[in-house]
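Laboratory data are not the source of any read-out in this text; all were calculated from the coordinates shown. Nothing here was measured: the structure is a model prediction, and the numbers come from that model. So basically every Cβ, Gly included, is an ideal-geometry build from the backbone, and we count neighbours across all protein chains shown.
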Amino acid sequence: MTTTFGPDRSLRDVSVRVWGLRAPAGAFISAWGGLAMLASAPFDDWWHNAYGLDVRIVSPPHMVLAAGFFGIELGTIMLLLAFMNRAPASAERTLQSLFLYVGGMAVSESLLLKMEYISRSDMHNALFYTVVSLGTPLILIAVAVAARRRWACTIMAGVYTAFGVGFLWLLPLFPAEPKLGPVYRPVTHFIPWEFPLLLIVPAVVVDLLLQRTVEWRPIARGVIAGIAFLASFVAVQWPFADFLMAPLARNRFFGAHYMDFNTLPDSSYARNVFFSRHADAAQFWRGMLVALLVSCVMAAVGVQAGRLMQKVRR
Amino acid sequence: MNGRPALVLATVIACWPAGVRAHVGSPDIFLDAPAGPYRLLVTVRPPSAVPGVADVEILTPGGDVDTIRIVPLPLTGPGAQFAPTPDVATRSDADPKLFTGHLWMMSAGAWQVRIAAAGARGEGTLSVPVPTLPQTTLAMKAALRGVLGVFLLLLCAGAIAIASAFAREATLEDGEQPGKRHIVRGRIAGVASVCQNSVTAVEPAPRECTTGAGPSLTKIDCPCALWPVTTRRNGLGMAMS
């Protein structure tokens, strides 16, 4: 409203016009996200009445909600990006840090949405690597390329890791008890996320690669970044999953002993064993090829999106 | 009445084309049983959608019960060992002998509502078996359909307008007006998002065909252990390992 109707012309000069209103593009995207979140409320209420309480994250009304909060985050990213690309050198560093923090939160939320598919029992499945590659390299690389800051991916992965271990170490300090049945195991405190994925390693690798391939064609840069992301992630997460299954990880630091009240005693998760989704090795390798393809496409789109984002000024 | 007219009358009645509706069974559970020293008349109305809320009404004819706690548990299996925190049933203002409460039933199958009554004569418990099964799928009311339709239109139109404005003006220098090239680029972005929104709007249709018209197949035809809920929680398909 200030930009559209206010007397300050300088605000209108750095705005875009939508339906006669003027504001930075990020503000419109955030408003769209807010509207989507509002729309998800009556939809979710009806869904609960029709199909019962949600026992899964991925349901149609939740996806509308997710579109809303990702819209708000994308809007914030675009808003910061416009400020950053117009800012004097003195303010650029602070805005970059804020920008990378929001990028890190976007990574955290995208992985939160996928929580049902990335538990440690799944970490030796191709589907796990496909699901992680779906979106994660895109967000990391797009924001890193747009930010033009060394170690941008590492900083975002650091935000995600800090967020994850913060939950892991703090939530169990608060008492809680199950209010809903069936209760398969007694619980006396909040149950946190699992130990965060070791995204920090592929993030460092991708940062190094992005620093050394500035002159490359974007598509080649994206493909090589996608391969590097997946290869380094598999290299560290696969053995780390073995460790998480071992008794050594069942402590407050790694938190592998935390299980919610609804975890069935005979499930793979409760027995600390891997669950295989593949009938044979060929199926596994086909799945890993899909994961590689997804990672490369996501990274290539990320490089291209980051280059476009560098030009955003409004 | 001799035999022939009676036969004709019976044939007419039997062939009468009007539809007849009758109640042929109720999912509600009624139980008159003691909980220790207290006599309880219990009514449990299971939810029509699962997971959903069951309504529990407990009448204490003796009027000597002070508090009643209720908790849902699976009837058998590992979930029957540990109870969640019980809810305290609310005493009715209009009738002090009546207690009511609401309980979440989280899966289809054989459940029990465990009732613990306490009063001057000590404590007593009673378990009421409650079978739960999704019975109906709530149709969307016209008003809600209208509200969501307006939201859908606003969101689609908004996405198109924002994409178009972004492509047209977001990269311009301060104060620069969009030229013909920028306007064309904005229109292309708008058309692209029209295509995207069309797909998004139509995409739920196949889902509606499988879940909108009747109760969800997965929630009725599959045993609850096979429901596609959190794999970590119910071990979906984990028997394969």
Average silhouette area of chain A, convex hull of alpha-carbon atoms, in square nanometres: 19.5
Dipole magnitude of the stretch A:109-180, debye to nearest 20 (Cβ charges: Lys/Arg +1, Asp/Glu -1, about Cα centre): 340
Cα-based shape type of the stretch A:1-110, given that a ≥ b ≥ c are square roots of the gyration tensor eigenvalues and the cut on a/c is 1.5: oblate
Computed over chain A: relative contact order in percent, which uses C-alpha pairs under 8 Å that are six or more apart: 23
Residue-averaged [θ]222 nm for the protein assembly as shown, counting only DSSP H segments that reach four residues, each worth -39500 (n - 2.57): -16500 deg cm²/dmol
Cβ crowding within 10 Å averaged over residues, with B:172-185, A:26-39 ranked highest first: A:26-39, B:172-185
Hits among lysines - C-alpha to C-alpha of A:LYS114 under 29 Å, sequence gap 8 or more where chains match: A:LYS179, B:LYS219
Descending Cα extents along the principal axes, the protein assembly as shown, whole Å: 99, 66, 52
Dipole magnitude of the protein assembly as shown about its Cα centre (Cβ charges: Lys, Arg +1; Asp, Glu -1), debye to nearest 20: 1660
Candidate aspartates and glutamates - alpha carbon under 13 Å from B:LYS180, same-chain residues fewer than 8 apart omitted: B:GLU169
Among A:LEU230, A:PHE240, A:LEU180 - extreme Cα towards positive end, dipole of the stretch A:142-244, charges at beta-carbon: A:LEU230
Whole-Å semi-axes of the ellipsoid equivalent to the stretch B:26-132 (Cα gyration tensor, √5λ, descending): 23, 15, 12
Exposure proxy ranking, count of Cβ atoms within 10 Å, fewest first, for A:GLU194, B:GLU123: B:GLU123, A:GLU194
